[in-house]
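Enquirer: Structure in structure tokens, see below.
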Amino acid sequence: MSDQHIANILGKVKTIALVGASEKTDRPSYKVMEYLLNQGYQVIPVSPKLAGRTLLTQPVVGQLSDIKQSVDMVDVFRNADAVYGVAEEAIAIGAKVLWLQKGVINEEAKLLAENEGLDVVMDRCPKIEIPRLGMEK
């Protein structure tokens with residue numbers, strides 16, 4: 001995927017559902033969520049374990065279908081085996097982008113999402129891509 005394509009995605013996205021959110025401040029999902037909020041994105045943390053609580057002042061939902069607004073991007077911090085199900089949920093809620101974090105690779109989920117019209121970014125992190133592409137606010 002070209003840098004221009006990634007920049008276009010990150011430039012269009014406003015609302016991000018972050019699947020696999022953690023309250024542990026040393027976890028990558030926490031650090032990325034904090035960074036994305038600081039960059040002006042709306043981030044909705046998704047975690048069955050933390051549902052009903054708040055994380056970085058944002059209310060946590062248990063699953064994607066609990067989100068009551070449109071979501072541009074689903075950012076996935078889950079193991080590769082769980083991604084196909086997350087892709088199905090992302091399609092069901094009408095997300096436009098499925099973003100799989102560093103080390104998360106699932107070709108079947110990528111194919112499923114792309115066949116439903118979603119952009120798929122795999123094995124990359126927006127916290128790395130945004131500054132690399134000169135897009136920091």
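The values are calculated or read from the model by the stated rules, or taken from the named source; none is laboratory data. Remember, it's a predicted structure, so these values are computed and weren't measured experimentally. Using ideal geometry, Cβ is built from the backbone for each residue, glycine included, and neighbour counts are taken over all protein chains shown. Keep in mind that these areas ignore ligands, DNA and RNA; they rest on the heavy atoms of the full protein, side chains included. Shrake-Rupley method; radii C 1.70, N 1.55, O 1.52, S 1.80 Å.
Enquirer: Calculate the dipole size of segment 39-137 relative to its Cα centre from +1 charges on Lys and Arg beta carbons and -1 charges on Asp and Glu beta carbons; express the result in debye to the nearest 20.
Expert: Numbers: 11 positive and 14 negative charges, 108 e Å.
In total the dipole reaches around 520 debye.
Enquirer: Which values, in whole Å and largest first, are the semi-axes of the equivalent ellipsoid of the chain obtained as the square root of 5 times each eigenvalue of the Cα gyration tensor? Provide the component values of the computation, followed by the final result.
Expert: Details: eigenvalues 78, 67, 38 Å².
Square roots of five times the eigenvalues give 20, 18, 14 Å.
Enquirer: Something else: Could you tell me what percent of the DSSP beta bridges with both partners in segment 1-130 are antiparallel, to the nearest 5? Could the numbers behind the result be given before it?
Expert: Numbers: 2 of 19 bridges.
Counting only bridges with both partners in segment 1-130, antiparallel ones make up about 10 percent.
Enquirer: Shifting gears a bit: So for the chain, averaging the separation of alpha carbon pairs under 8 Å that are six or more residues apart and normalising by length, what relative contact order in percent results? Write out the running numbers ahead of the final one.
Expert: Values: 240 pairs, mean separation 30.9, N = 137.
Computed value for the chain: 23 percent relative contact order.
Enquirer: If packing is taken as the average count of other Cβ atoms within 10 Å, what order do 49-61, 24-36 fall into, highest mean first? Walk me through the numbers before you get to the answer.
Expert: Details: 49-61: 14.3, 24-36: 16.2.
Top to bottom by mean Cβ count within 10 Å: 24-36, 49-61.
Enquirer: Once label points are set 7 Å from the Cα along Cα→Cβ at both Ala92 and Met135, what is their separation, rounded to one decimal in nm?
Expert: Result for the modelled spin labels: 2.8 nm.
Enquirer: Next question, about the same structure. Please identify which residues in segment 83-105 have an amide N closer than 20 Å to a label point set 7 Å out from the Cα of Ala51, following the Cα→Cβ vector.
Expert: 83-95
Enquirer: Right, something else. Alpha carbons only, please: Rg and Dmax for segment 44-121, in angstrom.
Expert: Rg then Dmax for segment 44-121, in Å: 12.2, 35.
Enquirer: If you stretched the chain out fully between Gln58 and Ala7, how much longer would it get, using 0.36 nm times the residue separation minus the C-alpha to C-alpha distance? It would help to have the intermediate numbers written out before the result.
Expert: Working: separation 51, 0.36 × 51 = 18.36 nm, distance 2.55 nm.
Contour length minus Cα-Cα distance gives 15.8 nm.
Enquirer: While we're here: With n ≥ 4 as the cut-off for DSSP H runs, can you work out [θ] at 222 nm for the chain, using -39500 (n - 2.57) per run divided by the number of residues, rounded to the nearest 500? Intermediate values should be presented prior to the final figure.
Expert: On the way: 5 runs with 47 residues, N = 137.
After summing the helix terms and dividing by residue count, I get -10000 deg cm²/dmol.
Enquirer: Enter the Cα centre distance for the pair segment 75-129 and segment 1-50, rounded to the nearest angstrom.
Expert: The distance from the Cα centre of segment 75-129 to that of segment 1-50 comes to 13 Å.
Enquirer: Excluding ligands, DNA and RNA, what is the solvent-accessible area per residue of the chain at a probe of 1.4 Å, expressed in Å²? Walk me through the numbers on the way to the answer.
Expert: Details: 6900 Å² over 137 residues.
Computed with neighbouring chains in place, this is 50 Å² per residue.
Enquirer: Computing the accessible area with a 1.4 Å probe over protein heavy atoms, can you report the carbon and sulfur percentage for the chain?
Expert: Details: 3260 of 6900 Å².
That fraction is 47 percent.
Enquirer: Any aspartates and glutamates with Cα under 17 Å of the Lys49 Cα? List them, leaving off those in the same chain fewer than 8 positions away.
Expert: Leaving aside aspartates and glutamates fewer than 8 places away in the same chain, those within reach of Lys49 are Glu23, Asp66.
Enquirer: Please give the per residue volume of the convex hull enclosing the alpha carbon atoms of segment 1-65, rounded to a whole number of Å³. It would help to have the intermediate numbers written out before the result.
Expert: Values: hull volume 6.4 nm³, N = 65.
Value for segment 1-65: 99 Å³ per residue.
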